[in-house]
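What follows draws every value from the coordinates through simple rules; no lab data is involved. Keep in mind the model is a prediction, meaning the values are calculated, not measured. Positions of Cβ are generated from backbone atoms using ideal geometry, with glycine treated the same way; all protein chains shown enter the neighbour counts.
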Amino acid sequence: MLGTEKIEAILEDVKEVVIAAKKIAKDGKVDLSDLPHVIAIIPKLGKFIEDFKAIGEAVEEGKDIDVAEIVALIQAVSAKIKEIEKA
């Protein structure tokens, strides 16, 4: 069994990008006041790139997933959605 680490890492990356985009779009315009949100994402870009390069590994994890892992992933997705809603 491969586990779900790569899938969970990609979910976390997507959450981070969505939260930043939500903060940038909050006032309905993109301007210099949004720069802090962009700067906050920059240090994470290396991790994002590495995680998305490993998308094939995430697909392989998905092929070997069991019921407990499905439940854990659903819970992780739910938690990330709640974090996005709070942002």
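If you build a Gaussian network model of the chain, linking Cα atoms that sit under 10 Å apart, which residue out of Leu35, Leu73, Leu11 swings the most?
Result for the chain, Cα springs under 10 Å: Leu35 fluctuates most.
Suppose we take every Cα in the chain and form the convex hull; what volume per residue is that in Å³?
90 Å³
Could you tell me the calculated FRET efficiency between Ala79 and Ile39, based on Cβ-Cβ distance and R0 = 35 angstrom, to the nearest 0.05?
Step by step, r from the Cβ atoms, then E = 0.85.
If I fit a long axis through the Cα atoms of helix 5-25 and take the longest principal axis of the Cα atoms of the chain, what angle between them do I get, 0 to 90°, rounded to 10?
Computed tilt is about 20 degrees.
Quick one: dipole size for the range 5-86, taken about the Cα centre, charges +1 on Lys/Arg Cβ and -1 on Asp/Glu Cβ, in debye to the nearest 20.
Result for the range 5-86 is approximately 520 debye, rounded to the nearest 20.
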